[in-house]
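Chemist: Let me give you the structure first, and then I'll get to my questions.
Since every read-out is calculated from the coordinates, none of them should be taken as a lab result. If you're wondering where the values come from, they're calculated on a predicted model, not measured in any experiment. FYI the Cβ positions are ideal-geometry reconstructions off the backbone, even for glycines, and counts take in every protein chain you see.
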Number of protein chains: 2
Amino acid sequence: MDDDTPSYFVGVDGGGSGCRAVIADAMGHVLGRGDAGPANATTDLVLATLHAADAVYQAVSAAGLERDVLASTTAHVGLAGIMDLPMARQVAADLPFRARVSDDRRTFVAGALGDTRGVLIGLGTGTIAARWDGRKARFIGGYGLQVSDQASGAWLGRAALSEALLAHDGLRPGSELGEQLMTRMGGDPGGIVAFAARATPADYAALAPLVVTAAGAQDDIACDLMRRGADYIDRAVRAFGIPRGGVLCLAGGVGPHYTGWLADDLRAVLAPPRGSALDGALSLAMAQAR
Amino acid sequence: MDDDTPSYFVGVDGGGSGCRAVIADAMGHVLGRGDAGPANATTDLVLATLHAADAVYQAVSAAGLERDVLASTTAHVGLAGIMDLPMARQVAADLPFRARVSDDRRTFVAGALGDTRGVLIGLGTGTIAARWDGRKARFIGGYGLQVSDQASGAWLGRAALSEALLAHDGLRPGSELGEQLMTRMGGDPGGIVAFAARATPADYAALAPLVVTAAGAQDDIACDLMRRGADYIDRAVRAFGIPRGGVLCLAGGVGPHYTGWLADDLRAVLAPPRGSALDGALSLAMAQAR
């Protein structure tokens, strides 16, 4: 690359609810941002690729640049639902610019921990758990709500409905949260049945803030769930082991709310995430050029 | 009805995997049987109605009778997924013969307990829990696998996959069952993820026999799950209270396998189911005529 060619860096973070992109200069200063539709590679590989490209075009445009700058740009695209290397290569081959493609767990860790070693538990709609030694990540869990994703927002929301039904049936003590959920779903179990028959993980996760708030008010059901979620976090962190001198990072919309439910030794090494998966994608793009 | 008009009784039991019908004479002797496709009223009301009628026509034909006998027949049709009275009436109005229609829980209780009072826990693909005083039933639970159906076959199968993943990640002790499931699903978590992305409750329930067998061999994961399932049964039975002199009946394909996991006082009042939901439907049809 000639010294007089301006070089740009692109980071993309795509997930089931949308896809975001940034374009930055050689110093990492963001020049433009773009948004596009869902980009989960398992759900729809072609659409994920199209939306990733669309988000990048919008970022380029927002930066006041022309699309041809992408010919000399270094990009990292992290997408939810990338299951293996062949799938990542397929997306890379289909994108209308050169890019490295990974799953969004990779960008999530790079964004949250950067060059700090530690364990990352990402709890948004789903669960991501990673041990990061500064160069390589080891992942566990996050296999989807049906059989995994313990402690996540979707898991909290679904479990709260389940406990509300147990309370309704007299199989556990009731609580404010239980009644609140029952009322919200139409006042009887049939409403919950109808909701659950169609609910996506995102639909369940939309109930998680109610659980978090209720736990703050010592609600019986909510406290039970936060305790069970924290137990999963505890087991995951101890299975990994925190690297010497490393941190524990609880990220995602739900993650930090577990702080008060953790054992003291884990709370002592807590550190906030340094950045988002989008920041991680950009930093991985810039690391490629080094 | 004239004394010289032969009168027949029809019972129908319809569920998500198929629909069965019997036609019997006035003494309750079964003259013919019929089978047809899925008949879950929530999944597809029209198809459920068509399949119920089809099963009855086949039973009539198998009995060597003509369809016009249905003009003077008393029928009870129990279908899964009947949520309320208007839905039951809709099916009754659409059937090409006169019938009372109820959900399959009603026929299940009538078949299993008949004129014996008690608590019925039906554990097949899903869960049915009922307290029966000989005339009326009170139901709890069974709100579907997403938020309920604890202890059921589908619940056992799905929970076993979940525990197998936890064992794979080092978050719980592994076991034969965990490895068996992992191997069956292709040898890595990706196989379970792919299975779970498409699995119906029936698909999960197909794994339940593995859990039951493993529990018999003291498998760690399997024993944990049977214990958790038995805990749900225990809580449900005690929430109901067994009527004085009544029995506890564990029905369905999975139900009896919990026997060894129950508290002594519950085991002491166990009684096997007297008959199936199809028997129950026929007995309800005959009771209508009395």
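Chemist: Nearest 10 degrees, 0 to 90: what angle lies between the long axis of helix A:153-168 and the longest principal axis of chain A (Cα atoms)?
Modeler: Orientation of helix A:153-168: about 10 degrees from the principal axis.
Chemist: Moving on. Place a label point 7 angstrom from the Cα of B:M83 along the Cα-to-Cβ direction, then list the residues of segment B:127-155 whose backbone nitrogen is under 14 Å away.
Modeler: The answer is B:143-144, whose backbone nitrogens lie closer than 14 Å to the label point.
Chemist: May I pose another question? Putting +1 on Lys and Arg Cβ atoms and -1 on Asp and Glu Cβ atoms, find which of B:T116, B:A93, B:A59 reaches farthest to the positive end of the dipole of segment B:1-120.
Modeler: Highest projection toward the positive end goes to B:T116.
Chemist: What's the FRET efficiency of B:S7 with A:D188 using the Cβ-Cβ distance as r and R₀ = 45 Å, to the nearest 0.05?
Modeler: 0.70
Chemist: Quick check on chain B: take the gyration tensor over C-alpha atoms, sort the square-rooted eigenvalues as a ≥ b ≥ c, and tell me if it's rounded (a/c under 1.5), prolate or oblate.
Modeler: prolate
Chemist: Would you please give the FRET efficiency between B:R244 and B:A206, computed as 1/(1 + (r/R0)^6) with r the Cβ-Cβ distance and R0 = 45 Å, to the nearest 0.05?
Modeler: E between B:R244 and B:A206, to the nearest 0.05, is 0.70.
Chemist: Where nothing but the Cβ of Lys and Arg (+1) and of Asp and Glu (-1) is charged, how large is the charge dipole of segment B:117-272 around its Cα centre, in debye to the nearest 20?
Modeler: 960 debye
Chemist: Related question: Once label points are set 7 Å from the Cα along Cα→Cβ at both B:T213 and A:R33, what is their separation, rounded to one decimal in nm?
Modeler: Roughly 5.6 nm, to one decimal.
Chemist: A follow-up question, please. Given Cβ point charges of +1 (Lys, Arg) and -1 (Asp, Glu) and nothing else, what value in debye, to the nearest 20, does the dipole of chain A about its Cα centre take?
Modeler: Computed about the Cα centre, the dipole is about 780 debye.
Chemist: Still on this model: Evaluate E = 1/(1 + (r/R0)^6) for B:R138 and A:L47, where r is the Cβ-Cβ distance and R0 equals 41 Å; express this FRET efficiency to the nearest 0.05.
Modeler: 0.25
Chemist: How far is it, in nm, from the label point at A:R227 to the one at A:S17 when both lie 7 Å from their Cα along the line to the Cβ?
Modeler: 2.9 nm
Chemist: I've got another one for you. With unit charges on the beta carbons (Lys and Arg positive, Asp and Glu negative) and the dipole taken about the Cα centre of the protein assembly as shown, which residue among B:A251, B:G126, B:A217 sits farthest to the positive side?
Modeler: Checking the options against the dipole of the protein assembly as shown, the answer is B:A217.
Chemist: Moving to a separate point now. How many angstrom lie between the C-alpha centres of segment B:57-80 and segment A:174-241?
Modeler: So the separation of the two Cα centres works out to 47 Å.
Chemist: Among A:S102, A:V193, A:G141, whose Cα lies farthest out toward the positive end of the dipole of segment A:90-193, if unit charges sit on the beta carbon of Lys, Arg (+1) and Asp, Glu (-1)?
Modeler: The residue sitting most towards the positive pole is A:S102.
Chemist: Follow-up question, since we're still on this one. When only DSSP loop residues count, what trypsin sites (Lys or Arg not before Pro) in segment A:126-161 have their Cβ near at most 10 other Cβ atoms within 10 Å?
Modeler: Sparse-neighbourhood loop trypsin sites (Lys or Arg not before Pro): A:R135, A:K136.
Chemist: Assign unit charges at the C-beta atoms only (+1 for Lys and Arg, -1 for Asp and Glu), then state the dipole size of segment A:1-151 relative to its Cα centre in Debye, rounded to the nearest 20.
Modeler: Rounded to the nearest 20 debye, it is 620 debye.
Chemist: Ok, one more. Nearest 10 degrees is fine. How inclined is helix A:104-113 to the longest principal axis of chain A, computing both from alpha carbons?
Modeler: The angle comes out near 90 degrees.
Chemist: Give me Rg over Rh for the protein assembly as shown, both radii from the alpha carbons and Rh done the Kirkwood way, two decimal places.
Modeler: Computed over Cα atoms, the ratio is 1.07.
Chemist: Here is a follow-up. Quick one: go through segment A:259-290 and flag any residue whose amide nitrogen is under 17 Å from the point 7 Å out along the Cα-to-Cβ line of A:S72.
Modeler: A:289-290
Chemist: Largest first, please: the extent of the C-alpha atoms of segment B:117-272 along each principal axis, to the nearest Å.
Modeler: Per principal axis, max minus min of the Cα coordinates gives 51, 29, 22 Å.
Chemist: Once the cut-off is 20 Å, how many percent of the Cα-Cα pairs in segment A:1-101 end up in the long-distance tail?
Modeler: That tail contains 31 percent of the Cα-Cα pairs.
Chemist: Something else: Quick check on the protein assembly as shown: helices-only [θ] at 222 nm, where DSSP H runs of length 4 and up contribute -39,500 (n - 2.57) each and the sum goes over total residues. Nearest 500, please.
Modeler: Dividing the helical sum by the residues of the protein assembly as shown leaves -13000 deg cm²/dmol.
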